[in-house]
Amino acid sequence: MRIDAYITEYARKTPQNIALEEGKNSVSYSCLDNDINTIVLTLDDFKHCRFAILAESGMLYVKVLMAVYRSTNIAVPLPIEFPKFSLEKILYTAHINNIITTDTQYSRFGEDFFERFGTVIIISGSASGEFLRKKIETEANNPELRLVLYTSGTTGTPKGVMLSDRNLIANAESIIKILRISSRDKGALVISPHHAFGNSIINSHLMAGSSVRIGNMNFIDSVFSLIGSDVSIFYGVPSTYRILLRYLERFRKDFSNVRTAASAGGGMDRSIVKEIRELAPDIEILPMYGQTEATARLAYLPAEDVDEFVDTIGKAIPGVILDVFDSEYRPVKPGITGELVATGDNIMLGYLDDEIATEKRIINGWLHTGDLAQKLPNGYIRLLGRKDDLIKIGDHRVNPREIERNIEENNEVSRVFVVPVHHELMGTAISLMVIPAEGTEIEKLFAFCRKSLPGYLCPREILFIDHLPLSENGKISNRSIIEEYKHVKASM
């Protein structure tokens, strides 16, 4: 079964129920189903072909996505927030002949950008499609392939993650169960739908027969107005909540009727949890963890344990098995560091046109996440950074996240970030970037490091910064930390 089939079912059972809302516009399940069918007529001659989708976030994007599913073709959403050269690299490696776009994006990228495609379809707001060119080519694709989502690129070059209908349905079913999504719910989508988290919000709410309220984070007033319009489940990455929490009274007022504040795309800080608790004491906070390779989610932290275990990812979602393996692919005991692995019906088919990368990530049926982790005695899992983030200093392999946590827990600081820097003898040493708290003193931090850390971990320098080193996708990674360090040094 496909996601779009659920829309047809609700169009028959509850035709007047609202499926999508955007600004002052809304569309019922019946109208959504009809609009999808209108777009499908444009795609009838294509048989399981790759279709890039270049469309702004909104109702039209959802209609096009579902139409590609229904036509039994393959959707390849292009993250419009990526720079043009990144999209061109994706298109080159993905070997895509066909594209569906909107008037807005066609004008934005220009005619030259679209010359590479044999087929170009422009979809208007009325869901009618117009061919600029049409060239049907036979493609040899994995018969199960339905969707290709591109990773955010925080761990290297973005990869095309191949997902099947089974992947999409399995993950949506798990999310519906965890969040208790029903037809009475309204979910807020203010993050990009072109990536795994946003895509899963669309899937889970439409499968449950509920509605999706679509917006963005460009204008704060409109975001809070959206939240206050009977939204019952709000979704955001940690940076989303940090931004909204700057507006205390608006947060208190507009989140008063929100049942659940869900998060993914990075760990939820204790400070965020504390602020939400103070402003919206009745709200359920539900952090989740996932990867694009897992169709979005792998784990969640039950709401009742958020205050005590917010520094963990909790436990596996229904239908998923999580474990921690050593370098020999053997499970380790609680308290021992290894790599987090996962298996379940939501695990990807593989990477698009890249068997070598696939074989490195899926081994004996287990997805190797690349995240270092430890199991706790209660079965919850704590992440300790990424394998790729390990720093080699002399003959020592160092986990920067453990150093950061140690300094943060024992000093008056807001956040600490370890930066690998060149050392003439050891090859690599570390510097620290620190977001200070009231009372933070550089000399005290140096004294703590000299007393509590081995000599090779004492920082060469400590720099104060006033904001989080976020990537374009709102995440903190080793790469974003290094880029921020370079920027700070260049401005000194």
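The values are calculated or read from the model by the stated rules, or taken from the named source; none is laboratory data. What you are looking at is a predicted structure, and each value in this text was computed from that prediction instead of being measured. Methodologically, a virtual Cβ is constructed for each residue, glycine included, from the backbone with ideal geometry; neighbour enumeration extends over all protein chains shown.
Worth pointing out:
- Residues within the stretch 322-352 that are touching a Phe, Trp or Tyr at 6+ places or on another chain (Cβ under 9 Å) and among the β-branched types (Val, Ile, Thr), tallied: 4
- Take the conditions (1) buried (at least 17 other Cβ atoms within 10 Å of the Cβ); (2) more than 27 Å from Val212 (Cβ to Cβ); Ala296 misses just one of them, which is (2).
- Close pairs (6 angstrom Cβ cut-off, 6 or more residues apart or separate chains): assigned to a strand (DSSP E or B) in the stretch 80-98, modelled with pLDDT of 90 or more anywhere: Asn98/Cys49; Asn98/Phe51; Asn98/Thr119
- Given (1) part of a helix (DSSP H, G or I); (2) more than 28 Å from Gly160 (Cα to Cα); (3) touching a residue at least 60 places away in the same chain (Cβ under 8 Å), number of the condition Gly209 does not satisfy: (1)
- Within the stretch 437-456, restricting attention to residues that are part of a loop (DSSP other than H, G, I, E, B) and in contact with a strand residue (DSSP E or B) (Cβ under 6 Å, 6 or more places away or on another chain), the residue that is nearest to His467 (Cα to Cα) is Ala437.
- Residue that is nearest to Phe82 (Cα to Cα) [pool: residues in the stretch 140-159 that are modelled with pLDDT of 95 or more and in contact with a Phe, Trp or Tyr (Cβ under 9 Å, 6 or more places away or on another chain)]: Leu147
- Unmet requirement for Glu81, which otherwise passes all of (1) in contact with an Asp or Glu (Cβ under 8 Å, 6 or more places away or on another chain); (2) surrounded by 16 or more Cβ atoms within 10 Å (Cβ to Cβ); (3) in the same structural domain as Leu145 (by TED's automatic domain parsing): (2)
- Residue match in the stretch 290-304 (condition: at pLDDT below 95, over 30 Å from Asp345 (Cβ atoms) and out of contact with any helix residue (DSSP H, G or I) (no Cβ under 7 Å at 6 or more places or on another chain)): no
- Only residues that are without any contact (Cβ under 8 Å) to a residue 24 or more places away in the chain and among the aromatic types (Phe, Trp, Tyr) were counted in the stretch 402-453, giving 1.
- You will find that of Asn257, Asn218, the residue that is surrounded by fewer than 20 Cβ atoms within 10 Å (Cβ to Cβ), in a loop (DSSP other than H, G, I, E, B) and touching a Gly at 6+ places or on another chain (Cβ under 8 Å) is Asn257 and no other.
- Residue under evaluation His195, criteria (1) over 24 Å from Tyr29 (Cα atoms); (2) modelled with pLDDT under 95, criterion not met: (1)
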